[in-house]
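Below is one structure; the comments refer to it alone.
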Amino acid sequence: STKDPESLLTGLNPQQREAVLHSGSPLLIVAGAGSGKTRVLTHRIAYLLATGRARPGEILAITFTNKAAGEMRERVESLVGPAARMMWVSTFHSACVRILRKEASTLGLRTTFSIYDAADSQRLMTMVCRELELDPKKYPPKALSSRISALKDELVDPETFGRESGASAGTANDFDAVLAQAYTRYQDRLRAAHALDFDDLIMTTVHLLQAFPAVAEHYRRRFRHVLVDEYQDTNHAQYTLVRELAGHDPAMDTDETDDSPVPDAVGPGELTVVGDADQSIYAFRGATIRNILEFEADYPSARTILLEQNYRSTQTILSAANAVISRNPGRRPKRLWTDSGAGAQIVGYVADNEHEEARFVAEEIDRLADSDGVRPGDVAIFYRANAQARALEEVLIRVGLPYKVVGGTRFYERKEIKDAVAYLRAVDNPDDDVNLRRILNVPKRGLGDRSEAMVAAFADRERISFGAALDRVDEVPGLATRSLNGLRSFAQMMTDLRDLAAKGGGPAEVLGAVLDRSGYLSELRASDDPQDASRVENLAELHAVATEFEQSDPEADLADFLERISLVADSDQIPSADDADGAPKVDQGVVTLMTLHTAKGLEFPVVFLTGLEDGTFPHMRTLADTEQLAEERRLAYVGLTRARQRLYISRAAVRTSWGVPNEFPPSRFLDDLPDDLLDWRRRESSMATLRSGLGYGSGFGGSVYGSGTPRTGAPSTRVPPSPPSPTFGSAKSRPTGDAPSLSVGDRVTHDTYGLGTVVVVEGSGPNAVAKIDFGTEGTKRLLLRYSPVTKL
Ligand code: ATP
Ligand code: MG
């Protein structure tokens, strides 16, 4: 059922058509967002098949996610029919797995080799460190793991690293010497287990192709067409893999330094790569824009095609995106245009805090449904960090808008949140065996399955709970001294935490103690895995939930808090519209929540880009680094260009993390948006109005911006730059001296509730709680230490 090839060309513009028709040399398509790069790849494949220039088995197409691969296969199938199923359309990782499974014997691997995911490989690394008796404080397993991962991205194997770092010769610095040793041992252990970790999949395939020319030739003969989407995000290992599979550029073979005696037995396949240097957002994982910028140098015979017409967005959205990205230094300027008209203005909104921001988003989605028939499935909400999803999720749950969180687990299903909640439950209920056993060895404290089984057996015999058995651990027979000590100190920690709760420690305080004493937080902080950084942020978010809960009801204790959490967590289980059973209804789809990173390559009619604050987006840890800021700006470009018709941008003047409300200045990216593109529904927060009227500055202490150079071009209505707590980590050391001492009758302002009068004061110092009448906002009980209250 092959289509008429000509029909595959209709509807393409001249450059796109040229890209589809091109043959005979490597092809690079560079173009801005929404210019049809992915569409050209799809049509090119379909055209190759329809004209008989290629058979499906000769095609290898690489996409960035499995989802994208599935969509591309479907698209090609709809264009040329079921023969398309023979093509390889996959991610780098799954293509490598397929090759390795077939060639396992060549490498002395079992065809059934296991693939270790991040958690598995982390566990293995911890074992290796223990075997090598490394001090985990000096050499955290996570730090070693992520260095090894980076080495693998660069195709540096243990021997090479030993040589290059000087470790083999004994001249390396301490860390590198240890790293070399751990890397070698780690690879030995993987091999003994017939396992490969994620990064090995690519590195091993490259080594396979380089070490066995016959194997390489087999694949070059097979894949006459290699096509790569999102080429700007390939790292060195992936780049090399593509080169090995597609063959070297024949133009390079005249190079006199090339000492390969025989030319490739088969000519090079046709390589097509498409990408956009402005959308490179994985440099932190070793991706290098160099691969795209220097493609022409690597493949001298390559043809480069530029696409300039954008088919996705309105001119307004495009102009905004262009304005933001054009500030990046050293980029090749691009002129994207569209003939789809100006479209609606971008709607801007300044919320007082993240809850109000979420409320604005939800109300707006509702309004669009009424006025424009926008369905939930047309809408995406983006944020920089996973932790920001919670406030959004809570509002969407409350108003009953169906949603899904892509590329992330719903907040209360995340491992770190479940772990923390398990601790709280075990503190609250000493006989909660399930939760107690969940956390017994989390974080790892050498209490393995064997010790756990012995305590459990003892509990069975004595007919007591596991928790009660822990309190009598000295009576448990057969425990090794090390385990016994470990169990004792675990039991002691739990007793201390329970004492804290019994003495009136609120949920936030107990949670803080749990995270500190268990070592959970310090383990995450010691890691340089970006995922762990987001776990820390999520825990900070949970702490914020606890703090708010305390503020709303200072009498409430740990049990009340746990009850409230289980309610929210349960409503998490409500099936979304597309999996609800019952009578079929018109599929309205669900609102999509995702981080900006996962949004790459996608498009939505309506996009909400939230959290546009300096310190949120751009992310706090990038503010001091030009390179990283440039990557944040590219991420902003990716975000803005996902929108087809309507774009909303919002920020919260105050965002709470680790229980501390912090005032954030507007994102610098907002400065770059031309005024006429924007319709500000609300320009500043009510606290800013209040503050400028009263003529005082930020109520929060300690500024990370204080010493920074002022940014230019800031509108005069801007709130003075002021201080987010730089990281979750430092929040604990936040001076608490700024809790105002209040008496009945005092007039105060609160950043959210506005003007109020103190009605009752209870307690003093850090535990002072005040009941304050905020007029129409109601009367609130506030834990002053955490409340943005200023005495007038
Ligand atoms: P990104 O950089 O975000 O990955 P892209 O360059 O891959 O974007 P596509 O996703 O391929 O762009 O295309 C963007 C949108 O424009 C899609 O909806 C696509 O169907 C549409 N499109 C592309 N080319 C044309 C065309 N010639 N005529 C009509 N629509 C087109
Ligand atoms: Mg694309």
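The values are calculated or read from the model by the stated rules, or taken from the named source; none is laboratory data. Given the structure is predicted, the values throughout are model-derived calculations rather than measurements. Cβ coordinates were reconstructed from backbone atoms using ideal geometry, including for glycine residues, and neighbour counts include every protein chain displayed.
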For segment 208-248, which residues satisfy the criterion of being more than 16 Å from ligand 1 (Cβ to nearest atom) and under 30 Å from the mean Cα position of the chain (by Cα)?
-> V226, N235, H236, A237, Q238, Y239, T240, L241, V242, R243
Residues that are closer than 30 Å to S319 by Cα and in contact with a strand residue (DSSP E or B) (Cβ under 6 Å, 6 or more places away or on another chain), drawn from segment 41-59 = L41
Among residues of segment 765-792 being touching a Ser or Thr at 6+ places or on another chain (Cβ under 8 Å) and either among the aromatic types (F, W, Y) or in a loop (DSSP other than H, G, I, E, B) (or both), the residue modelled with the lowest pLDDT is Y786
L201: crowded, with 16+ Cβ neighbours inside 10 Å, touching a Ser or Thr at 6+ places or on another chain (Cβ under 8 Å) and in contact (Cβ under 8 Å) with a residue 24 or more places away in the chain, yes or no?
-> no
Residues of segment 490-515 that turn out to be without any contact (Cβ under 8 Å) to a residue 12 or more places away in the chain and either farther than 20 Å from D553 by Cα or basic (K, R) (or both), as a count | 3
Counting just the residues of segment 270-296 that are more than 16 Å from ligand 1 (Cβ to nearest atom) and assigned to a strand (DSSP E or B), which one comes out modelled with the lowest pLDDT?
-> E270
Output for segment 301-324, where each listed residue is within 12 Å of ligand 1 (Cβ to nearest atom) and under 24 Å from the mean Cα position of the chain (by Cα) | A321
In segment 1-21, what residues are in a loop (DSSP other than H, G, I, E, B) and under 37 Å from the mean Cα position of the chain (by Cα)?
-> G11, L12, N13
All-but-one check, K418 against (1) under 23 Å from T595 (Cα atoms); (2) surrounded by 19 or more Cβ atoms within 10 Å (Cβ to Cβ); (3) in contact with a Phe, Trp or Tyr (Cβ under 8 Å, 6 or more places away or on another chain), failing number (2)
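Quick grid of which residues meet (1) touching a Phe, Trp or Tyr at 6+ places or on another chain (Cβ under 8 Å); (2) of a type in the set (K, R); (3) assigned by TED's automatic domain parsing to the domain that holds L48; (4) surrounded by fewer than 18 Cβ atoms within 10 Å (Cβ to Cβ):
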site	(1), (2), (3), (4)
V80	no, no, yes, no
R123	no, yes, no, yes
R130	no, yes, no, yes
K152	no, yes, no, no
E164	no, no, no, yes
Pairs only if they're at least six apart or on different chains, beta carbon under 8 angstrom, first in segment 327-353 and at positive phi, second hydroxyl-bearing (S, T, Y); list them, first residue then second.
-> G341/T314; G343/S313; G343/T314; G343/T316
Out of all the residues in segment 143-160, which are under 18 Å from V128 (Cα atoms) and in a loop (DSSP other than H, G, I, E, B)?
-> D157
Scanning segment 5-19 for residues that are among the hydrophobic types (A, V, I, L, M, F, W, C) and buried (at least 21 other Cβ atoms within 10 Å of the Cβ), the one nearest to Q315 (Cα to Cα) turns out to be A19
Filter segment 492-516 for residues that are surrounded by fewer than 18 Cβ atoms within 10 Å (Cβ to Cβ) and in a helix (DSSP H, G or I); the one that is nearest to the chain's Cα centre (by Cα) is D516
If you take the residues of segment 294-316 that are within 16 Å of ligand 2 (Cβ to nearest atom) and either of a type in the set (S, T, Y) or out of contact with any helix residue (DSSP H, G or I) (no Cβ under 6 Å at 6 or more places or on another chain) (or both), which of them is farthest from H248 (Cα to Cα)?
-> S313
Look at T610 and say whether it is free of Cβ contacts under 8 Å to residues at least 40 places away in the same chain and of a type in the set (S, T, Y).
-> no
Only residues that are closer than 20 Å to R644 by Cβ, in contact with a helix residue (DSSP H, G or I) (Cβ under 8 Å, 6 or more places away or on another chain) and of a type in the set (A, V, I, L, M): list them for segment 352-400, please.
-> V361, I365, A369, V374, V379, A380, I381
Residue pairs within 8 Å by beta carbon, gap of at least six or interchain, first lying in segment 208-230 and in contact (Cβ under 8 Å) with a residue 60 or more places away in the chain and β-branched (V, I, T), second outside any strand (DSSP E or B) and within 16 Å of ligand 2 (Cβ to nearest atom), listed first then second, are V228/T234
